[in-house]
Amino acid sequence: QRPIGAMGQWYLQPPEKPAPGAAAERTVTAREASTIEFSVEELKTQPAFPPVIIEYQAAWYTPGDDTRAFDSPVANTLLSSRLLLAHGLHGLNYFPAQDTVTPASFSTPWTNRHYRWDAALDVAGNQQFRARAVVRNGMLMDTWGEFLASSHKRADFGLIYPLGAFPQQPLVREEIMRVSNAVMRVARVAQLAGLSSELLDPQYQPVAQLLRHPLLLLPVFDSPQGKFQLSEEAQRVMVEYVRRGGTLVV
């Protein structure tokens with residue numbers, strides 16, 4: 001069976017309708033930082049594919065009832081993209097790199113005809129304020145790209161993300177979200193305690209990769225139908241990890 005590569009998306013969602021007199025700008029918060037880390041960690045569990053974000057923008061498109069995108073400071077682009085790279089991202093696609101106008105005979109119903117994101121380039125190809133962050137990232141990659149690509153995270157402990165080891169067919173969306181949200185909460189609590197974690201998948205990653213961590217945390221979930229039962233392969237990998245000196249906390 002050939003492996004399938006998953007590629008992520010990340011946007012800075014528009015703010016809720018601000019109260020009268022409140023600032024309309026949307027900035028990257030600690031919650032976004034945690035989401036960015038989890039997204040990259042999840043992609044990094046793939047053994048045969050690099051972690052790649054195919055649609056990234058620290059902004060949001062102009063809605064159909066407006067003429068411009070919401071205010072998103074250029075610092076959002078630099079901060080969020082550097083967080084993605086710092087957590088081990090190997091590929092980043094700016095979506096879009098240039099604002100456009102919807103061509104004739106083509107429509108995107110939920111946006112304005114001017115498909116504006118306040119992207120790096122305007123419709124005419126001129127640099128806008130967000131271009132400064134894109135250029136700075138290019139300079140960073142030119143200088144340190146090879147070093148970043150060959151490095152890996154040195155975490156305080158490994159956190160098992162067991163979703164791939166569960167029977168896939170019976171799972172419904174609510175159950176998938178239950179597992180993902182629980183693992184994300186563990187990672188956030190650890191982060192608040194000053195500890196760094198790395199997601200691991202015993203279904204697809206080799207024992208050698210798990211052994212980079214002397215301590216693994218395995219969250220378990222109750223299910224009367226056995227939907228959250230680890231596969232035989234995942235159990236074998238976990239047993240081998242312990243046999244070779246690793247500590248597993250369930």
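List of remarks:
- Residues in the range 161-177 that are out of contact with any Gly (no Cβ under 9 Å at 6 or more places or on another chain), open to solvent by less than 80 Å² (accessible area, probe 1.4 Å) and part of a loop (DSSP other than H, G, I, E, B): 4 in all.
- Boolean, ARG68 is part of a helix (DSSP H, G or I) and either farther than 30 Å from THR45 by Cα or among the charged types (D, E, K, R) (or both): no
- Identity of the residue in the range 153-187, among the basic types (Lys, Arg) and at pLDDT below 90, that ends up nearest to the chain's Cα centre (by Cα): LYS153
- Residue match in the range 19-36 (condition: of a type in the set (Gly, Ala, Ser), touching a Ser or Thr at 6+ places or on another chain (Cβ under 6 Å), in contact (Cβ under 8 Å) with a residue 12 or more places away in the chain and open to solvent by less than 50 Å² (accessible area, probe 1.4 Å)): no
- Scanning the range 89-107 for residues that are open to solvent by 30 Å² or more (accessible area, probe 1.4 Å), at pLDDT below 90 and outside any strand (DSSP E or B) yields a total of 5.
- Extreme residue, most open to solvent (accessible area, probe 1.4 Å), among residues of the range 195-229 that are under 20 Å from the mean Cα position of the chain (by Cα) and within 17 Å of LYS153 (Cβ to Cβ): LEU195
- All of (1) closer than 20 Å to THR77 by Cβ; (2) surrounded by 15 or more Cβ atoms within 10 Å (Cβ to Cβ) hold for GLY158 with one exception: (1).
- Some residue of the range 110-130 being part of a helix (DSSP H, G or I), hydrophobic (A, V, I, L, M, F, W, C), open to solvent by less than 70 Å² (accessible area, probe 1.4 Å) and within 29 Å of ARG26 (Cβ to Cβ): no
- Where a residue in the range 178-192 is open to solvent by 60 Å² or more (accessible area, probe 1.4 Å) and its partner, wherever it lies, is modelled with pLDDT of 90 or more, with Cβ under 8 Å and at least six apart: ARG178/PHE221; GLN191/GLU37; GLN191/SER197
- With respect to (1) under 19 Å from the mean Cα position of the chain (by Cα); (2) surrounded by 15 or more Cβ atoms within 10 Å (Cβ to Cβ), the lone exception for ALA86 is condition (2).
The values are calculated or read from the model by the stated rules, or taken from the named source; none is laboratory data. Everything numeric in this text was worked out from a predicted model, so none of it was measured. Positions of Cβ are backbone-derived with ideal geometry, glycine not excepted, and every protein chain shown enters the neighbour counts. Surface areas here come from the heavy atoms of the whole protein model, side chains and all, with no ligands, DNA or RNA. Shrake-Rupley method; radii C 1.70, N 1.55, O 1.52, S 1.80 Å.
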